[in-house]
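Engineer: Dropping a structure here in structure tokens format, bear with me for questions.
The values are calculated or read from the model by the stated rules, or taken from the named source; none is laboratory data. All of these numbers come straight from a predicted model, not from anything done at the bench. Backbone-built Cβ (ideal geometry, glycine too); neighbour counts: all protein chains shown. Side chains are part of the model used for accessible areas, which takes the heavy atoms of the whole protein and leaves out ligands, DNA and RNA. Shrake-Rupley method; radii C 1.70, N 1.55, O 1.52, S 1.80 Å.
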2 protein chains.
Amino acid sequence: MNKIKRLVIVGGTHGNELTGIYLVKKFERSPQLIQRSSFETCTLLANPKAYEIGKRFVDTDLNRCFQRQDLHNLNLSSYEAQRAKVIYQTYGTKGTLEANLMIDLHSSTSNMGLTIILARQLPYNLQLAAYLTSVNPNVKILYSEPQTLENPYLDSICEFGCSIEVGAVAQGTLNATLFQQTEELIYAILDYVEAYNKETPLRVQDTLMVYQSIRTIDYPRNATGEIQAMIHPRLQFQDYQALHPGEPIFLTFDGEEIVYEGDKVVYPVFINEAAYYEKGIAMFMTLPIEIATI
Amino acid sequence: MNKIKRLVIVGGTHGNELTGIYLVKKFERSPQLIQRSSFETCTLLANPKAYEIGKRFVDTDLNRCFQRQDLHNLNLSSYEAQRAKVIYQTYGTKGTLEANLMIDLHSSTSNMGLTIILARQLPYNLQLAAYLTSVNPNVKILYSEPQTLENPYLDSICEFGCSIEVGAVAQGTLNATLFQQTEELIYAILDYVEAYNKETPLRVQDTLMVYQSIRTIDYPRNATGEIQAMIHPRLQFQDYQALHPGEPIFLTFDGEEIVYEGDKVVYPVFINEAAYYEKGIAMFMTLPIEIATI
């Protein structure tokens, strides 16, 4: 594989996820923290207008704007559609600052801990992910294929893209512990890339435990689309924990339990993510699988 | 004292605080839950447009729009200024549905547990608060005088107003446990009012522990007003716990601790409330005081 020549650290793809935004600000004040000898590191505040108004987005979710057909569709003119084009033309294939690796920093109201989200299973990313789990055993790897025809995520515009999702943290707030843990994770990524570029790759295990998203579950809703139940207290903040058939997942506003009716043990994540109420997602069901990193 | 004739339960004064909004929706579906024989109970979704767009407010914070001079100022025409006038003309003094008691339901990203906020020390409210602490010993009473010339809060338009602040819960999410606990608190209030109206008042203790807000503390900021530090991990979620002089309260983005430099033990609340970043408030410092309820 070719070396990484340029790496981009992105914050604020969602304007109310402050962890990534303040990390990018820190790196912009102190660029020496992220400079390494064998590659260039850039930073990007992806959706500054959304950050300014304290919202996830202005017109539409920027992190769903990167399908290639949309990037080439001149008729799409929302703030985020335009922003996506500019970002793609900068860091994407044949862009003015074409980058090989993009780290997109997100936070969640779900108890995601420190999660690396991969949308593709590329050996380089799997090995990087394996390295991060060896540096911090609390790191989880979530593999989630996009449901759209093309990959709509920002990190898809670079050959090796991944997202970091940290939580639980409320939108519009900073959690110092998660801030520092995310920062450490970024330095570990930079170390890994540097060693790889210098042809002294850091050793990783041969297999990696990955939580593979198998489907999403919506809240119970009435005919007008209004939610009829909440995440059950026993499931709240229990991301990555085993959920057995028959265990409660929702509690209606009248206090009735709704149980998980699947026939196998699953591991829910993104439980009670604020931004997913409107997307019709109460949680992602995942299954842990072991995959080879080489 | 005269009897309570009409009581209003308000949700959604802030559009992204879902607990109160979904409680009001529940009560509107099942009004028998909140009807009592000796008084009328109304419900109000205070800021429906903010709820629709998933934000605290559209133009300005509705819960700062109720100073009498503003309610009578025809030049104030923001969405919330107009909404405030309509609400006041309905439930306020000489309103079409003038109410004696208003319960305004809020939620916080701070670990406020179940807090009753009083802006005035009226015997009726103190006795009601004392009753609620006897029903649920986890209930805390926060006494916070408005800093403005007149009281700008929605609950000030009724003779006996108070707010319920529950947390920690992220904006835009529901926490089932807090939802149910808030619901129980509302029923306890209705029971208390009913008994009082029927001249069989429920017995309360003679004194009440109240956390009195003494001042607010802002985040450290640079010359352009940008925050320079986060809530210290040791203080995060520690609302209502003793903070001693010399103990850390902030952590800068570079990892330096900033300590509390006061000379007496205080009890911070509203620690890391998302909506207060823009108001210049990192926390409220309070002191516990014991006051007579009779």
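Engineer: Among the candidates A:55, A:94, which residue alone is of a type outside the set (Ser, Thr, Tyr), part of a loop (DSSP other than H, G, I, E, B) and under 15 Å from residue A:13 (Cβ atoms)? Working first, answer last.
Structural biologist: On the way: A:94 fails: under 15 Å from residue A:13 (Cβ atoms).
Residue meeting the stated conditions: A:55.
Engineer: Return yes or no: is residue B:89 over 17 Å from the mean Cα position of the chain (by Cα), assigned by TED's automatic domain parsing to the domain that holds residue B:34 and within 23 Å of residue B:25 (Cα to Cα)? Step through it out loud before you land on a result.
Structural biologist: Values: over 17 Å from the mean Cα position of the chain (by Cα): yes; assigned by TED's automatic domain parsing to the domain that holds residue B:34: yes; within 23 Å of residue B:25 (Cα to Cα): yes.
Yes; evaluated as a whole, the condition is true for this residue.
Engineer: Given the conditions (1) surrounded by fewer than 16 Cβ atoms within 10 Å (Cβ to Cβ); (2) within 13 Å of chain B (Cβ to nearest Cβ), report the number of the one that residue A:215 does not fulfil.
Structural biologist: (2)
Engineer: Tell me the residue from B:15, B:11, B:20 that is buried (at least 20 other Cβ atoms within 10 Å of the Cβ), free of Cβ contacts under 8 Å to residues at least 60 places away in the same chain, small (Gly, Ala, Ser) and within 14 Å of chain A (Cβ to nearest Cβ), please. Write out each step before concluding.
Structural biologist: Values: B:11 fails: free of Cβ contacts under 8 Å to residues at least 60 places away in the same chain; B:20 fails: free of Cβ contacts under 8 Å to residues at least 60 places away in the same chain.
One residue alone meets the criteria, B:15.
Engineer: Can you confirm whether residue A:115 is touching a residue at least 12 places away in the same chain (Cβ under 8 Å), assigned by TED's automatic domain parsing to the domain that holds residue A:195, open to solvent by 20 Å² or more (accessible area, probe 1.4 Å) and of a type in the set (Val, Ile, Thr)? Lay out the reasoning, then the answer.
Structural biologist: On the way: touching a residue at least 12 places away in the same chain (Cβ under 8 Å): yes; assigned by TED's automatic domain parsing to the domain that holds residue A:195: yes; open to solvent by 20 Å² or more (accessible area, probe 1.4 Å): no; of a type in the set (Val, Ile, Thr): yes.
For residue A:115, the condition - touching a residue at least 12 places away in the same chain (Cβ under 8 Å), assigned by TED's automatic domain parsing to the domain that holds residue A:195, open to solvent by 20 Å² or more (accessible area, probe 1.4 Å) and of a type in the set (Val, Ile, Thr) - is not met.
Engineer: Continuing with the same structure: Given A:243, A:202, A:235, A:251, which one is buried (at least 18 other Cβ atoms within 10 Å of the Cβ), out of contact with any Ser or Thr (no Cβ under 7 Å at 6 or more places or on another chain) and more than 13 Å from chain B (Cβ to nearest Cβ)? Even if it seems obvious, please write down each step before you answer.
Structural biologist: Numbers: A:202 fails: buried (at least 18 other Cβ atoms within 10 Å of the Cβ); A:235 fails: more than 13 Å from chain B (Cβ to nearest Cβ); A:251 fails: more than 13 Å from chain B (Cβ to nearest Cβ).
Answer to the check: A:243.
Engineer: Could I ask something else about it? Any residue at all in the stretch B:96-111 that is in the same structural domain as residue B:196 (by TED's automatic domain parsing), over 17 Å from the mean Cα position of the chain (by Cα), over 25 Å from residue B:239 (Cβ atoms) and open to solvent by less than 40 Å² (accessible area, probe 1.4 Å)? Walk me through how you get there before you give the answer.
Structural biologist: Taking the stretch B:96-111 and keeping what is in the same structural domain as residue B:196 (by TED's automatic domain parsing), we get B:96-111.
From what is left, the residues that are over 17 Å from the mean Cα position of the chain (by Cα) are B:96-100.
This time we only want the ones that are over 25 Å from residue B:239 (Cβ atoms), so: B:96-100.
So of that shortlist, the ones also open to solvent by less than 40 Å² (accessible area, probe 1.4 Å) come out as B:99-100.
Scanning the stretch B:96-111, I find at least one residue that is in the same structural domain as residue B:196 (by TED's automatic domain parsing), over 17 Å from the mean Cα position of the chain (by Cα), over 25 Å from residue B:239 (Cβ atoms) and open to solvent by less than 40 Å² (accessible area, probe 1.4 Å), so the answer is yes.
Engineer: Still on this model: Of the residues A:271, A:291, A:258, which single one is farther than 30 Å from residue A:127 by Cβ and not assigned by TED's automatic domain parsing to the domain that holds residue A:131? Talk me through it step by step, then tell me what you get.
Structural biologist: Values: A:271 fails: farther than 30 Å from residue A:127 by Cβ; A:291 fails: farther than 30 Å from residue A:127 by Cβ.
After applying the criteria, what remains is A:258.
Engineer: I'd like the residue in the stretch B:159-179 that is assigned to a helix (DSSP H, G or I) and at the interface with chain A (Cβ under 7 Å from one of its Cβ atoms) and, out of all such residues, is most open to solvent (accessible area, probe 1.4 Å). Spell out the reasoning first.
Structural biologist: Taking the stretch B:159-179 first, the residues assigned to a helix (DSSP H, G or I) are B:176-179.
Filter again for at the interface with chain A (Cβ under 7 Å from one of its Cβ atoms), leaving B:176-177, B:179.
Details: B:176: 4, B:177: 58, B:179: 1 Å².
Of everything passing the filter in the stretch B:159-179, B:177 is most open to solvent (accessible area, probe 1.4 Å).
Engineer: Now for a different question. Of everything in the stretch B:146-155, what is open to solvent by 10 Å² or more (accessible area, probe 1.4 Å) and not charged (D, E, K, R)? Give them in sequence order.
Structural biologist: Listed by number, the residues that qualify are B:146, B:147, B:148, B:149, B:151, B:153.
Engineer: Mind listing whichever residues of the stretch B:62-81 are of a type in the set (A, V, I, L, M, F, W, C), under 16 Å from the mean Cα position of the chain (by Cα) and not in a loop (DSSP other than H, G, I, E, B)?
Structural biologist: If we filter the stretch B:62-81 for residues that are of a type in the set (A, V, I, L, M, F, W, C), which is where we start, we get B:62, B:65-66, B:71, B:74, B:76, B:81.
Filter once more, keeping what is under 16 Å from the mean Cα position of the chain (by Cα): B:62, B:65-66.
Of everything in the stretch B:62-81, just one residue is of a type in the set (A, V, I, L, M, F, W, C), under 16 Å from the mean Cα position of the chain (by Cα) and not in a loop (DSSP other than H, G, I, E, B), namely B:62.
Engineer: With the requirement that a residue be within 23 Å of residue B:26 (Cβ to Cβ) and among the aromatic types (Phe, Trp, Tyr), what does the stretch A:203-258 give you? Full working, then the answer.
Structural biologist: Going residue by residue through the stretch A:203-258, those that are within 23 Å of residue B:26 (Cβ to Cβ) are A:217-236, A:248-258.
If the condition is that a residue be within 23 Å of residue B:26 (Cβ to Cβ) and among the aromatic types (Phe, Trp, Tyr), then A:219, A:250, A:253 are the ones that fit.
Engineer: Which condition number in (1) more than 10 Å from every other protein chain (Cβ to nearest Cβ); (2) surrounded by fewer than 16 Cβ atoms within 10 Å (Cβ to Cβ) is the one that residue B:284 fails?
Structural biologist: Checking residue B:284 against (1) more than 10 Å from every other protein chain (Cβ to nearest Cβ); (2) surrounded by fewer than 16 Cβ atoms within 10 Å (Cβ to Cβ), the one that fails is (2).
Engineer: May I ask you to list the residues in the stretch A:263-281 that are surrounded by 15 or more Cβ atoms within 10 Å (Cβ to Cβ), more than 14 Å from every other protein chain (Cβ to nearest Cβ) and within 11 Å of residue A:217 (Cα to Cα)?
Structural biologist: The first filter runs over the stretch A:263-281 and keeps only residues surrounded by 15 or more Cβ atoms within 10 Å (Cβ to Cβ), leaving A:266-277, A:281.
Narrowing the set further to residues that are more than 14 Å from every other protein chain (Cβ to nearest Cβ) leaves A:266-269.
Once the filter is applied, which keeps residues that are surrounded by 15 or more Cβ atoms within 10 Å (Cβ to Cβ), more than 14 Å from every other protein chain (Cβ to nearest Cβ) and within 11 Å of residue A:217 (Cα to Cα), the stretch A:263-281 yields A:268, A:269.
Engineer: Would you confirm whether any residue within the stretch B:38-61 is under 22 Å from the mean Cα position of the chain (by Cα), more than 28 Å from residue A:226 (Cα to Cα) and surrounded by fewer than 18 Cβ atoms within 10 Å (Cβ to Cβ)?
Structural biologist: no
Engineer: Continuing with the same structure: Please verify whether the stretch A:191-202 includes one or more residues that are at positive phi and in contact with a strand residue (DSSP E or B) (Cβ under 8 Å, 6 or more places away or on another chain). Explain how you work it out, then say what you get.
Structural biologist: Restricting attention to the stretch A:191-202, the residues satisfying the condition of being at positive phi are A:199.
Filter once more, keeping what is in contact with a strand residue (DSSP E or B) (Cβ under 8 Å, 6 or more places away or on another chain): none.
No, that holds for no residue.
Engineer: Continuing with the same structure: Within the stretch B:182-294, which strands (runs of 3 or more DSSP E) (wholly inside it) include 3 or more residues that are closer than 30 Å to residue A:55 by Cα? Full working, then the answer.
Structural biologist: On the way: elements: B:207-217, B:229-231, B:248-252, B:257-259, B:267-269, B:283-292.
Because the criterion is at least 3 residues that are closer than 30 Å to residue A:55 by Cα, the strands (runs of 3 or more DSSP E) in the stretch B:182-294 that meet it are B:207-217, B:229-231, B:248-252, B:283-292.
Engineer: Among what's in the stretch A:239-275 and is among the aromatic types (Phe, Trp, Tyr) and touching a residue at least 40 places away in the same chain (Cβ under 8 Å), pick the residue that is nearest to residue A:171 (Cα to Cα). Break it down stepwise before answering.
Structural biologist: Filtering the stretch A:239-275 for residues among the aromatic types (Phe, Trp, Tyr) gives A:240, A:250, A:253, A:260, A:267, A:270.
After this cut, where a residue has to be touching a residue at least 40 places away in the same chain (Cβ under 8 Å) as well, the list is A:240, A:267, A:270.
Values: A:240: 21, A:267: 24, A:270: 14 Å.
Looking at the filtered set, the residue picked out is A:270.
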